[in-house]
1. Taking K54 as meeting all but one of (1) in contact with a helix residue (DSSP H, G or I) (Cβ under 7 Å, 6 or more places away or on another chain); (2) surrounded by fewer than 16 Cβ atoms within 10 Å (Cβ to Cβ), write down the number of the exception.
2. Can you name the residue in region 14-36 that is without any contact (Cβ under 8 Å) to a residue 24 or more places away in the chain and either in contact with a His (Cβ under 9 Å, 6 or more places away or on another chain) or of a type in the set (D, E, K, R) (or both) and is also surrounded by the most Cβ atoms within 10 Å (Cβ to Cβ) among such residues?
Amino acid sequence: MEKMTDVELQIMDCVWSMEPPVSPSMVLGILNERYERNWALQTLCTYLFRMAGKGYLRYQHKGRMALYIPIITREEYFEFLAMDLSRFWGKGVLRNMAAALKKNNALSGEEIDELKQYFETL
C-alpha cells in the first residue's frame, strides 16, 4: 500500500463516513461541504477511478452508474501510517508524537489518562 495524497485522504474520509456502496454524487456532496471544495462530479469520478486502481476502493456498476466500496478501513489505513512513521522515525516515535501533540494543545489531559489506562492493560 502507498500513502494517500491529502485529496485522496479527504475523499476516503467522506467514503468511510457513509454506508457502502456510495455513489460519486453522495461523496461529492459531503466532500464539497466538509472540505469546502467546489468540484465538478467528473473531477471526483476521475479521482475515484484512480483510487480504485490503487487498491483503496472497488467499484460495481449499477446500470450506467459506478458505486464504490472501500477496500481498506479507516483503522487499517491508520495502522499503516503508524507503522510507516515508526519505521521512518524509529524508537521513541510514540513519545515524540505525544509530546508534540501536548505541546500544541492537541492532546487533552483526558486523552493522556486514556492512554495511561490503555498501556496498563497491555
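Throughout, read-outs are computed from the coordinates displayed, never taken from laboratory work. Keep in mind that what you see is a predicted model, and the values were worked out from it rather than measured. A quick note on method: Cβ atoms are made from the backbone with ideal geometry, for glycine too, and the neighbour counts reach across all protein chains shown.
1. (1)
2. Restricting to residues being without any contact (Cβ under 8 Å) to a residue 24 or more places away in the chain and either in contact with a His (Cβ under 9 Å, 6 or more places away or on another chain) or of a type in the set (D, E, K, R) (or both), the top hit is E33.
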